[in-house]
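Contents: one structure, followed by commentary.
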Amino acid sequence: MADLKSVPPGRNATDVLSSFVHPITTMKFTIAASLLALGTASAFVTPQAYGRTSDVVRSMAATETPVYTFEKSEEIFAEAQTLMPGGVSSPVRAFKSVGGNPVVFDKVKGAYAWDVDGNKYIDYVGTWGPAILGHADDDVLAAVRATMEKGTSFGAPCPLENELAKMVIDAVPSVEMVRFTNSGTEACMGMIRLVRAFTDREKVIKFEGCYHGHADSFLVQAGSGVATLGLPDSPGVPASATKATYCAEYNNLESVKAILEDNKDEIAAIILEPVVGNSGFIKPDKAFLEGLRELATDNGALLVFDEVMTGFRVAYGGAQEYFGVTPDVTTMGKVIGGGLPVGAYGGRKDIMEMVAPAGPMYQAGTLSGNPLAMTAGIETMKKLKEDGVYEELERKAQKLVDGICDAAEKHGHAICGGTAGGMFGWYFTEGPVKNFQEATKADGEKFGKWHRMMLERGVYLAPSMYEAGFMSLSHTDEDIEKTIAIADEVLSKL
């Protein structure tokens with residue numbers, strides 16, 4: 001990455017122009033869009049040039065953006081803390097890593113979310129990935145309502161399962177048969193039992209910073225060595241549950257080879273996020289994925305892509321289509337439920353026929369194949385199959401990342417960022433970031449301040465620097481340009 005250009009304190013474009021603009025303080029949310037002078041997106045961020053400085057820095061001018069207040073959110077969250085651990089149903093929602101309290105949502109639509117105080121946000125979390133069409137898509141809602149008239153749960157086979165299964169099998173290169181579950185964690189629980197049953201081996205390799213749900217076998221602390229024997233990463237997880245889980249370094253084939261050599265003919269599977277979204281956003285080198293494919297085959301192990309996040313998000317056929325590398329087994333979730341709870345795992349037919357009742361490997365679920373979730377998934381995937389969808393998602397994601405990086409560099413902040421389809425992220429560090437240990441070197445304190453200031457001005461980002469962002473088909477160029485303008489203002493104050 002080129003050396004960052006420094007701007008003398010107090011002498012950026014926003015500060016100079018704002019001295020001539022009388023601040024508007026009575027409006028809930030004001031951006032002088034007419035004053036924006038936005039250039040075209042700069043060069044595409046490739047995996048080889050993950051951190052980059054654009055040749056031309058955009059010139060932006062905006063009024064001082066009034067900040068939101070959160071009285072009702074604070075009141076509701078205070079009560080929630082007396083009712084639920086930490087006041088939330090999933091830890092990251094509590095904003096612990098960025099400071100302050102979370103906002104409480106009231107409704108969502110398209111690219112936007114509204115909190116209980118009436119504040120409107122441009123939302124780049126998208127319920128953590130599923131809202132790829134945008135929130136509350138009219139066609140998806142209409143289909144779900146029609147299905148709901150027939151019942152909310154059957155606990156029996158229904159034709160909707162066949163329909164969604166055929167769509168998944170048609171789309172995902174590795175999948176010849178599929179089993180539906182209720183969450184990504186459930187899918188990964190079934191997957192790890194399956195790979196062990198099929199190979200008659202116990203040990204598995206995962207990667208530092210990759211998340212595969214909260215099952216005991218996967219809650220493994222990332223080690224500092226090249227290859228680390230897993231230790232429990234949460235109280236309550238017995239050492240025996242993780243003793244067969246080994247951690248390797250992402251984007252480092254040598255770390256994988258070392259584990260395989262030390263555990264010859266004992267590794268059941270190599271399991272990874274093909275694009276890491278739970279350590280921020282880390283894109284793999286294609287050669288790394290190709291190397292894993294070769295190593296798995298040569299060692300009699302299965303290659304597993306956890307595509308709960310990347311499936312139907314970076315391409316219609318997932319990351320395996322995007323990179324042209326086919327695993328043996330794939331886990332899925334999020335997008336295939338269209339915003340309703342769902343998960344799935346699938347793979348080669350000979351592997352999947354180990355799953356009960358076809359085979360001896362047991363896994364079950366009361367609400368698996370729920371008709372409402374199946375319907376939402378079907379309607380969502382119909383739209384995602386249309387021409388140009390993923391090109392447009394990546395174009396918009398790239399425009400956002402380029403704009404944020406340009407603004408950060410203009411104000412003297414080290415930054416790097418990247419995209420894959422409708423998934424993106426950035427770190428406050430020069431980069432490039434290739435693995436979890438490099439991600440930890442990013443400026444977390446700066447990220448926390450950045451997150452709060454963006455939130456107060458109407459941009460909802462993931463409340464952790466270790467989470468990816470998500471673009472939807474509902475986001476407009478105007479939304480992205482507003483976001484970049486707000487970022488420019490915020491970055492000028494950090």
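The values are calculated or read from the model by the stated rules, or taken from the named source; none is laboratory data. Note that the structure is a prediction, hence the values are computed from the model and not measured. Note: ideal-geometry Cβ built from the backbone for every residue, glycine included; neighbour counts use all protein chains shown. Just so you know, the surface numbers come from the protein's heavy atoms only, side chains and all, with ligands and any DNA or RNA stripped out. Shrake-Rupley method; radii C 1.70, N 1.55, O 1.52, S 1.80 Å.
Worth a mention:
- From the options Gly311, Gly324, Gly343, Gly317, residue that is at pLDDT 95 or above, more than 18 Å from Lys206 (Cα to Cα) and out of contact with any helix residue (DSSP H, G or I) (no Cβ under 7 Å at 6 or more places or on another chain): Gly324
- The set of residues in the range 305-353 that are charged (D, E, K, R) and either open to solvent by 20 Å² or more (accessible area, probe 1.4 Å) or outside any strand (DSSP E or B) (or both) comprises Glu307, Arg313, Glu321, Asp328, Lys334, Arg348, Lys349, Asp350, Glu353.
- Listed conditions (1) modelled with pLDDT under 85; (2) out of contact with any helix residue (DSSP H, G or I) (no Cβ under 8 Å at 6 or more places or on another chain) are all met by Asp265, apart from (1).
- Residue among Arg196, Arg201 that alone is at pLDDT 95 or above, open to solvent by 40 Å² or more (accessible area, probe 1.4 Å) and not in a helix (DSSP H, G or I): Arg201
- In the range 292-321, the residues that are under 18 Å from Gly280 (Cα atoms) reach residues that are among the aromatic types (Phe, Trp, Tyr) and open to solvent by less than 10 Å² (accessible area, probe 1.4 Å) with C-beta atoms within less than 7 angstrom, at least six apart or across chains, in these pairs: Ala319/Phe305.
- In summary, Glu161 fulfils each of the numbered conditions (1) part of a loop (DSSP other than H, G, I, E, B); (2) within 11 Å of Ser368 (Cα to Cα); (3) touching a residue at least 24 places away in the same chain (Cβ under 8 Å) with the single exception of condition (1).
- Look at (1) farther than 30 Å from Ile404 by Cα; (2) assigned to a helix (DSSP H, G or I) and you find that Ser89 fails only one, number (2).
- In the range 142-158, residue most open to solvent (accessible area, probe 1.4 Å) [restricted to those that are out of contact with any Asp or Glu (no Cβ under 9 Å at 6 or more places or on another chain) and part of a helix (DSSP H, G or I)]: Arg145
- Matching residues in the range 485-494 - criterion: being aliphatic (A, V, I, L, M) and open to solvent by 10 Å² or more (accessible area, probe 1.4 Å): Leu494
- Test: Val67 is at pLDDT 90 or above, within 17 Å of Ala462 (Cα to Cα) and either among the aliphatic types (A, V, I, L, M) or surrounded by fewer than 17 Cβ atoms within 10 Å (Cβ to Cβ) (or both): no
- Search result, residues across the range 244-278 that are closer than 24 Å to Val172 by Cβ, buried (at least 24 other Cβ atoms within 10 Å of the Cβ) and out of contact with any strand residue (DSSP E or B) (no Cβ under 6 Å at 6 or more places or on another chain): Gly277
- Glu391 being out of contact with any His (no Cβ under 7 Å at 6 or more places or on another chain), free of Cβ contacts under 8 Å to residues at least 60 places away in the same chain and either of a type in the set (Gly, Ala, Ser) or under 30 Å from Lys434 (Cβ atoms) (or both): yes
- Residues that are of a type in the set (Ser, Thr, Tyr) and over 16 Å from Ile378 (Cα atoms) were ranked within the range 153-187; the one that is farthest from the chain's Cα centre (by Cα) is Ser153.
- Positions within the range 443-484 being closer than 30 Å to Leu384 by Cβ, outside any loop (DSSP other than H, G, I, E, B) and either open to solvent by less than 10 Å² (accessible area, probe 1.4 Å) or among the small types (Gly, Ala, Ser) (or both), in sequence order: His451, Met454, Leu455, Val459, Gly469, Phe470, Asp479, Ile480, Thr483, Ile484
- Entry remark, the range 370-399: residues being crowded, with 24+ Cβ neighbours inside 10 Å and farther than 16 Å from Val314 by Cα number 6 in total.
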